[in-house]
Each structure stands twice: as C-alpha cells, then as structure tokens.
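Beneath this line is the structure, given in structure tokens, with notes to follow.
The values are calculated or read from the model by the stated rules, or taken from the named source; none is laboratory data. Just so you know, these numbers come straight off a predicted model, no measurement behind them. Reconstructed Cβ throughout: ideal geometry from the backbone, glycine too, with neighbour counts over all protein chains shown. For accessibility, only protein heavy atoms count, side chains too; no ligands or nucleic acids. Shrake-Rupley method; radii C 1.70, N 1.55, O 1.52, S 1.80 Å.
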Protein chains: 2
Amino acid sequence: MDPAKLLDILGNENRRKIIQLLANRPCYVSEISSRLGVGPKAIISHLGLLEQAGLIECSVDEQRRKYFNIANNMRLEVSVSPYSYTVTLHDVTFDRGKNEEDPVEKEIPPGEESSTLFLKLSSRLKELKKRQEELAQMQQQLQVEYTEAMDHCLDSIEEIARNPVECELLFELLKNETTLATLCYNLRLHPSIVNANLIGLTKRGFIEYGIKNNQYYWKIRETGVENE
Amino acid sequence: MDPAKLLDILGNENRRKIIQLLANRPCYVSEISSRLGVGPKAIISHLGLLEQAGLIECSVDEQRRKYFNIANNMRLEVSVSPYSYTVTLHDVTFDRGKNEEDPVEKEIPPGEESSTLFLKLSSRLKELKKRQEELAQMQQQLQVEYTEAMDHCLDSIEEIARNPVECELLFELLKNETTLATLCYNLRLHPSIVNANLIGLTKRGFIEYGIKNNQYYWKIRETGVENE
C-alpha cells in the first residue's frame with residue numbers, strides 16, 4: 001500500500017476507531033455502528049475504503065452474516081525532524097497458513113500440557129512486547145543523535161563552503177546521493193551554475209560521483225580528505 | 001502532542017507536502033505557495049494549524065520576512081495487526097542549545113581541520129541512517145513473531161477454555177492487564193458472570209490478580225501452572 005493512502009485513511013477519527021475495534025475482535029457492521037454511534041451507511045462506506053486498501057477483509061459466518069477483521073500486519077513510521085521527514089510503511093505480509101505445518105507446533109503434546117503451553121506463550125508475548133518498547137526507545141535515541149550530528153554538520157558546512165551555492169549543494173548531498181538534474185530542480189539553479197560548483201567541491205575533495213542505474217549520482221566523499 | 005491530532009494533521013496531502021518542504025529547508029509562505037501551487041490563504045491556514053500543534057515554528061529574517069521551520073523531532077509509529085492497533089508518538093524534545101556548550105565541539109581545532117571534520121560527520125550521519133534502517137527491520141520481524149505467537153495462543157485458549165466467556169476473558173487478558181469493570185464493558189457481560197469465570201480461571205491457575213494504583217488488575221498468571 002502507498003503510505004500516503006494509509007495516512008489519508010488514518011486521518012479520519014471514525015476510521016481509526018473502526019480499526020481499533022477490529023484489532024480487538026472481528027465485528028459485524030451492526031456492532032461497529034452501535035459501538036461508534038455512527039449510522040450503518042457511513043460505517044459501510046468506511047469499511048469499503050479500508051477493504052479496498054487491503055487493511056481489512058470480510059468473511060461470512062455460519063448464519064451468512066458478514067463480519068470484518070484486520071487483514072494483515074502493517075507498520076507505519078513517520079519521522080519528522082528539522083532535517084528530515086520520512087514516512088515508511090512496512091507491509092508485513094506473511095503466510096499465516098504456514099504455521100499449521102510448523103514442526104514445533106506438532107511436537108507439542110496435546111491435552112494435559114496445553115495449560116502449561118498457554119502460560120509459556122503468554123510470557124513469550126510479554127517478552128516480545130517489552131522488546132518492541134526497547135527498540136522504539138533506541139530509535140528515538142538515534143533520531144536525537146541524527147539531529148545533533150546534522151546540527152554539527154551545518155556548522156561545518158558554513159565553515160568550508162565558499163559561496164551560498166556550495167552551502168546548498170553540500171546540504172542537499174548530505175541528505176541524499178543525488179543526480180545533477182534533481183539538484184537543479186531542488187535548488188532552482190541553472191545546470192551550468194550547479195555543475196561549476198560541483199566541480200569546485202570535487203576538486204577540494206568534499207564530494208565525488210558514482211554511477212547507479214546508468215545515472216551519475218553526486219555524493220559526499222566517502223574517504224578522508226587529501227590536501228587541496 | 002496527542003497522536004490522534006498528528007494523524008488528523010497528516011491526513012491532509014497539502015499539509016504533508018508543507019512538512020516535506022520545511023524538513024528540507026525553512027521556507028517563506030510565498031515559496032510554499034508557489035511550490036505547492038496552492039493559494040497563500042490556504043497555506044497560511046495549514047501553517048497556523050501546524051504551528052498550533054507545535055510541529056513547526058515561525059521566525060523573522062533580517063528583512064522582517066516570516067519564515068517557517070520544523071520545530072522539533074517527532075516519531076510516530078502506527079502498528080496495525082490482526083490482534084493489535086497501537087499508535088505511539090515519541091515527542092523527542094531536546095535542548096538543541098545545549099550543543100553549543102558541548103565540550104567535544106569546543107575541542108575541535110578550527111580552520112584547516114574543518115574539512116576533515118565535515119567528512120567525518122557526514123560518514124557518522126550515514127552510519128546513523130543505516131542503524132535506523134536496521135532497527136526498523138528488527139521491529140518488523142518482532143511484529144511478525146508477535147502475530148505468530150498470538151495465533152498459537154488462540155489455538156491454545158480454545159483448548160483450555162471451558163466456555164465462550166472463559167475464551168473471551170483469556171483473550172482480553174492476553175492483550176492487557178485489565179480491571180473487572182473494563183472486562184465487563186469490553187465484553188458487554190454482567191459483572192456476576194465475569195466474576196464467576198475469573199474465579200474459575202484463577203482456581204485452574206491460568207490467571208491471577210494484582211493491585212496497581214489502588215485498583216485490582218486481572219492478568220495471565222506469570223509463573224508456571226501447578227496441578228489443577
């Protein structure tokens with residue numbers, strides 16, 4: 001799914017509430033409607049949108065009543081900082097049917113052991129949750145370090161750049177390897193000006209170019225600096 | 001910030017584009033308006049909303065023109081899976097002014113060394129980015145493991161539960177430690193029914209209760225099971 005589409009979906013409070021309900025348990029339209037205090041017509045329209053996006057799916061029970069449930073695992077990360085805005089969607093599609101052939105599961109003796117197994121699985125779930133929280137904290141810390149390093153980098157760019165164009169180019173390349181065309185577009189500068197400055201920076205050992213997918217990419221130099 | 005508020009904000013494409021622009025560089029209203037092809041009136045209204053939410057801030061340049069930039073570091077994580085929907089917002093407020101007193105920075109010799117420093121910082125940024133990607137992958141993997149463990153747990157619940165209410169109670173407690181009141185509300189069951197089943201499950205060693213903030217919380221038992 002396109003992350004922008006997911007953000008559009010999550011931008012609506014009632015849709016968020018529907019997802020919340022379905023993550024708790026599969027539901028009928030009537031249940032969702034009464035829980036949210038929203039008419040079934042509006043609920044059906046939201047459900048249609050969610051289903052079309054692949055976020056939920058619909059099944060039919062023994063009484064031929066339709067119910068909805070979350071279709072898959074998704075993880076959306078939005079990171080906003082003074083130097084970057086990234087939206088990543090990890091669409092964790094995995095084959096849950098595979099579990100049935102899982103040899104580990106077949107080894108489990110049935111009957112009397114199922115209660116022990118349940119408690120073991122429950123503590124495993126708790127562990128996994130804790131690990132998730134730890135990772136989230138590490139990511140937060142990394143984001144702080146990134147912004148701090150970027151602050152230092154900007155100070156450093158101001159010292160080494162000989163004109164505003166060099167300054168802008170180094171800043172752009174710091175964020176991403178980029179083609180000449182993208183640099184011209186982003187900085188709204190004529191290719192001849194950009195090119196002249198790129199050559200100057202290359203000569204002074206700050207940047208270099210590489211080829212990727214048959215295109216020249218400019219980037220900050222990866223090795224140490226020799227003398228000018 | 002309330003994560004729901006951030007999702008409301010990000011639910012609009014033009015607001016996302018504005019954040020994208022500002023994460024690239026601070027901008028004037030006129031720049032944003034021309035880049036997005038959207039009238040300044042609409043842009044000002046979006047900017048007002050973003051500023052009010054603390055996502056961006058406004059400064060004035062030497063010509064007394066207002067420009068906007070991203071105010072801080074934020075990290076939003078939305079995780080949707082068949083068994084959980086979580087939205088977490090890490091509001092990484094940190095004092096960027098502190099860097100100026102950073103002793104490490106003061107130790108850096110000025111002038112001739114600044115070019116080496118720049119390349120070092122640039123490779124540090126690259127490392128940090130790589131580490132961020134690694135962590136994101138680990139979290140994805142964890143989410144898959146969590147759903148798999150939850151699948152197994154549900155199979156196991158079906159084996160040990162003696163009636164549908166027990167089944168629902170174990171499922172609820174698996175997701176969270178919960179009070180009696182919340183269980184009654186979530187399952188829409190009378191307290192007497194819920195209580196009777198909680199006592200049954202406690203006697204069979206599956207659940208237990210603890211006290212937190214002067215309230216009784218029910219949870220899956222943390223130690224192994226003795227005989228019934």
Enumeration of residues in region B:173-189 that are surrounded by fewer than 19 Cβ atoms within 10 Å (Cβ to Cβ) and either in a helix (DSSP H, G or I) or at pLDDT 95 or above (or both): B:LYS175, B:LEU180, B:ALA181, B:THR182, B:CYS184, B:TYR185, B:ASN186, B:LEU187
Working carefully through the options B:SER122, B:SER115, B:SER192, find the one that is at pLDDT 90 or above and closer than 30 Å to A:LEU173 by Cα. B:SER122
For a quick check of your reading of the model, give me the residue pairs whose first member lies in region A:19-30 and is in the same structural domain as A:LEU7 (by TED's automatic domain parsing) and closer than 18 Å to A:GLN63 by Cα, whose second is β-branched (Val, Ile, Thr) and surrounded by fewer than 18 Cβ atoms within 10 Å (Cβ to Cβ), with beta-carbon atoms closer than 7 Å and at least 6 apart or on different chains. A:VAL29/A:ILE44
Restricting to region A:143-184, count the residues that are under 18 Å from B:SER123 (Cβ atoms) and not hydrophobic (A, V, I, L, M, F, W, C). 14
Output the number of residues of region B:20-41 satisfying the condition of being over 18 Å from B:ARG65 (Cα atoms) and out of contact with any helix residue (DSSP H, G or I) (no Cβ under 7 Å at 6 or more places or on another chain). 4
Hey, among the residues in region B:144-158 that are in contact (Cβ under 8 Å) with a residue 40 or more places away in the chain and in contact with a Leu (Cβ under 9 Å, 6 or more places away or on another chain), which one's nearest to A:GLN137 (Cα to Cα)? B:TYR146
Just give me the residues in region A:195-228 being at pLDDT 90 or above, under 17 Å from A:GLU159 (Cβ atoms) and either within 14 Å of chain B (Cβ to nearest Cβ) or open to solvent by 60 Å² or more (accessible area, probe 1.4 Å) (or both), in sequence order. A:GLY200, A:LEU201, A:ARG204, A:GLY205, A:PHE206, A:ILE207, A:ILE220, A:ARG221
